[in-house]
Ligand SMILES: O=c1ccn([C@@H]2O[C@H](COP(=O)(O)OP(=O)(O)O[C@H]3O[C@H](CO)[C@@H](O)[C@H](O)[C@H]3O)[C@@H](O)[C@H]2O)c(=O)[nH]1
Ligand SMILES: [Mn+2]
């Protein structure tokens, strides 16, 4: 379909000595290999020397493999390309660290009986066993790295706009105060104005806050969009979220045309008006106005107990096409008697309502603060959609989560740069080539024994399935969200009874789903007048609709973990799909990261909590590898993220150990005059230098590296420890997880406060303050001991240098808390928190005393 413009040629290709090997017995060139050989510059070189195919006449060639004659004609160039990273140095260092970790374990085992202090030695051994295991997961996840690059300009030359699939866009918001309407509206505007045929787009805004303000803002924003979209398209505006476009720096220059300058001013005023309207409405209490349509809708609604409200705010009719996509407002039914499953519940309503109204084969999902920062983002996604080679490669298309106005040097460690290293930019998405041989041998070897199992291992060894689904900035195929697996025809042939059990009572939804599952795009019905389906849509947005169906269990966004995104993503991978990550320049989407320490803590807790919950569902990565089609190394990658909460236990123990040992005058590390001291020292030095180097190569400042490294320790011992505890409480039935929203701010620049730590009374920081206090006590203890030291033989060995270094390091990591102990007001740690941690620390020191006396 996409390549019908490519010309067929035959001729000579003398400049490519490797070329003939890559032609298979049919005379066809393997398409991956084709692209490996023909990087753009090579091609240009070849074409410049006027060489063409050597392939003899009479051979049939698949469209892909044909080169065009004209250098200017880019129809033969790939629309997406995967570049494999060279990370040999990183791999070598990672293996050195692994070797050191292993030797430390071996040393512990052999020196165990010579110890006078079994307890710290045993605890250290268990922690290090965990660190080694976790390091293996991390190395495996980062081993193969690649980047996918997309070329929208080539796509436009090759695929006609009419062939583009339609896309339903879902934006979710839940509270107009924590998520100010103006931010949500900017996200809406940026999406309405993307470079994509407007007739193929429908934007659905889900409002879990059931807020008249959000509804009113959307109506006004839609009016403004009618001016904004043509303006953006006419002048090819790059940033289509007005609050980011009309900045003081963006004033038109003298070089710009007069027309543009005038329209720019007009647009700026119009946006100013919109802003004022929304701002005023936010300050005025809402009143029921019986004579206005708007007043009646929201009269007496209670946000947690109300019927579904669905309004088509604007329609893009086929007979009067415009630049403005369909705009639809949804506030799903809520009732105190029924669970609503937070964002996952909202997404499922969006999937159903859009299924009834527009039923696009693709859906894009964004959080209310994630505006589209690159107007070509849909075309970048289409490069992948049209460029994937095998059906299963297109599980979902994820763009990274990145943030605007990020605080300098990431003081709270929440901007995901560190994750970028491992989850987003590089790994989770790998190349098969180098392992094909190993895979082949392995399959042969185990063939007769465990045929199935062998192919799992082989797949696992060869590569991974791709990036995580991160909840926002992701394109999904509707059929995959509806539960289909690659190459599986059973869903395509679902009969009415199955459809009812899966998708529920609504006949329209079942019909629409059957269309989608049967696969062929051509059959997917275009619905041009969503407003005629409002009644049907209200039906599927009801809070009892899901009872007795597969929503949240097998289809849609899955319930059971606070991170519905990763849970839904692992389920998709578990069906055998792969996913793709691509990050165009400029970045596809930008949102707000929490700007205060307490809100960052809350977010960290929810994430670690949700990720850990996944291990206790039927979507546990190891279960999915055995029972489903999750590849082994992909499962290791998932384990690596899902165990954040569990990490808090060994990390806390390891942070307690130096204090314990100094106070009780015992050791958990080899003494400085033993050669074995070099092992932990080597790990410490090499690991930290390695991470520093890794961050440097990502362009991260030294200050940011330090912040990320200390916040890594702090978050683990505070927020993640609480995630661990809360999952345990949930497992024994004592608590329920809730989704606490993150506060969003339009310009997070709040003067003096920017990036400074503030504290609330959250108990989460108690363990952190406790660790700090006991390590401070230990250091004072060590100092006193140093004063009394008798410089006789082996005094340096008795000093416990390793323990002191560790204690100093832990204290440095908790440096912000140390400052917080002495500051006042919101910058200081509340007295009640200090008091509680102090009591715990005192108790601990007392135990140490008793221990050392016994
Ligand atoms: O009951 C709810 C709760 C949340 N949301 C929406 O969910 C989105 C994400 O909420 P936010 O507070 O911004 O959480 P983050 O931690 O920033 O979000 C990340 O992590 C979440 C899982 O914890 C994913 O759902 C998100 O997509 C992902 O961006 C927002 O648009 C909310 O409006 C709802 O629609 N209904
Ligand atoms: Mn968010």
Likely footprinting exposure, 382, 494, fewest C-beta neighbours within 10 Å first
494, 382
Exposure-ranked with fewest Cβ neighbours within 10 Å first, 296, 309, 662 stand as 296, 309, 662
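What length, rounded to one decimal in nm, is gained on full extension from residue 277 through to residue 292, with 0.36 nm per residue of separation minus their alpha-carbon distance?
On the way: separation 15, 0.36 × 15 = 5.40 nm, distance 1.74 nm.
Gain in length upon complete extension: 3.7 nm.
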Please work out the FRET efficiency for the pair residue 249 and residue 852, using the Cβ-Cβ distance as r and a Förster radius of 56 Å; give the result to the nearest 0.05.
0.35
Honestly the stretch 257-395 on the Cα gyration tensor test (a ≥ b ≥ c root eigenvalues; a/c under 1.5 rounded, otherwise a/b vs b/c for prolate or oblate) is just oblate
One finds, for residue 405 and residue 839 with R0 = 41 angstrom and r their Cβ-Cβ distance, a FRET efficiency to the nearest 0.05 of 0.55
Modelled label reach - residue 119, point 7 Å along Cα→Cβ, the stretch 764-803 residues with backbone N closer than 14 Å:
none
Pairwise FRET efficiency - residue 317 versus residue 627, Cβ, R0 = 35 Å, nearest 0.05
0.15
A correct fewest-to-most ranking of 306, 326 by other Cβ atoms within 10 Å would be 306, 326
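Bear in mind these aren't lab numbers, they're just calculated from the coordinates by the rules spelled out. What you see is a predicted model; the values in this text were computed from it and never measured. For neighbour counting, all protein chains shown are included, and Cβ atoms are generated from backbone atoms with ideal geometry for every residue, glycine included.
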